[in-house]
1. Rank by packing, highest mean first: peptides 272-285, 53-66, with packing defined as the count of other Cβ atoms within 10 Å averaged across residues.
2. Relative to the first principal axis of the alpha-carbon coordinates of the chain, what is the inclination of helix 100-113, with its axis defined by its Cα atoms, in degrees from 0 to 90 and to the nearest 10?
3. Relative contact order for the chain: what percent, with Cα pairs under 8 Å and sequence separation of 6 or more?
4. Computed over the Cα atoms of segment 51-122, what is the convex hull's projected area averaged over all directions, in nm²?
5. Can you pull the three principal axis extents for the Cα set of segment 1-131, in Å, largest first?
6. Pulled fully out, how much extra length does the chain show between residue 108 and residue 25, if you take 0.36 nm times their separation in residues and subtract their Cα-Cα distance?
7. Please list, by residue number, everything in segment 123-150 whose backbone N is under 16 Å from a paramagnetic label point 7 Å out along Cα→Cβ of residue 283.
8. Multiplying the sequence separation of residue 245 and residue 78 by 0.36 nm and subtracting their Cα-Cα distance, what value in nm do you get?
Amino acid sequence: MADPVRIGVIGVGHLGRHHARILATLEGASLVGVVDINSARASEIAAASATRAMTDYRELLGHVEAVSIAAPTGLHHQIALPFLERGIAVLVEKPMTRTLAEADALIAAARASGATLAVGQTERYNPAVAAVMPLVTSPKFIEVHRLGVFPDRSLDIDVIFDLMIHDLDLIASMIGSEVTSVEAVGVPVLTPKFDIANARLRFASGCIANLTASRISRDRVRKIRFFQPDSYISIDYAAQEVEGWRLVRRDGNRPSIEGGPLPVQKDEPLRLELADFVAAVREQRPPLVTGDAGRAALELATRIAEKMESV
């Protein structure tokens, strides 16, 4: 595809406005319009992005080759389906859909029409994650803390689907092994949904992952740690900082511990995600996070939520 991809953004609230900001200047993309049911918000973001404001996503049909959907989760299936059925590429924010059945419907529609379907698991594009990918070879224990202050958005879903799903997707992609058991506990502190949750996953490989996610913390923490034979790796997602330590054995000498901060080429993960999506459409190749990968993360999050509901 030689010409820029004509693309629209649907939902320009907390996250969607950043989709519009980036796509307005992204090489290879042409922002056709932004959509929001709040006409004032749509007009504000459209003006800032030098594009057209709309209040009905169906206005984009026939005018775009791709859309980025950052509307509330409950609307993802309804909005994405007509675009996919017409062969229009879709990037849908996480969680992919409200249910696995809805995710299956989007995957089937994309497969039938040949449309690109991507899911916005942004941490996969975090440069700090890319820096450690070659180093995480045989993790035995993974510990995650993803804590945030109480938000004014995404309160229609549990913290598992709002925050923890980032790490579920990343860990599943790194381990590449079946989850054989799940233990979980969640507490609805400030909303009827689970606001804080902990899950312990055992993989067929023998690795155990312990994940804590909270949206009622006083501090913002985004960290993941990998423990494997003779080495330890830590990622601070937010700061895009990495530390790696390893035990070095030398014949005739005591082992030594070596390591420290690792180099990271910092960048905005969302920009990298959108650039990959646009490139996937232009090059007619799969994106880094496909619809199938998005469904896998949703399925694991659903298993955890069901475990908590049964406690």
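1. Working: 272-285: 19.7, 53-66: 17.4.
By packing density, highest mean first, the sequence is 272-285, 53-66.
2. On a 0 to 90 degree scale, this one is about 60.
3. Values: 675 pairs, mean separation 58.0, N = 311.
Computed value for the chain: 19 percent relative contact order.
4. Reported value for the Cα convex hull: 4.7 nm².
5. Principal-axis extents of segment 1-131 (Cα, largest first): 39, 37, 33 Å.
6. Roughly 26.7 nm would be gained on extension.
7. Backbone N within reach: 125.
8. Working: separation 167, 0.36 × 167 = 60.12 nm, distance 4.70 nm.
Separation in residues times 0.36 nm, less the Cα-Cα distance, equals 55.4 nm.
No value in this document is a laboratory result; all are computed from the given coordinates. Everything numeric in this text was worked out from a predicted model, so none of it was measured. All Cβ positions, even for glycine, are placed from backbone atoms using ideal geometry, and neighbour counts span all protein chains on display.
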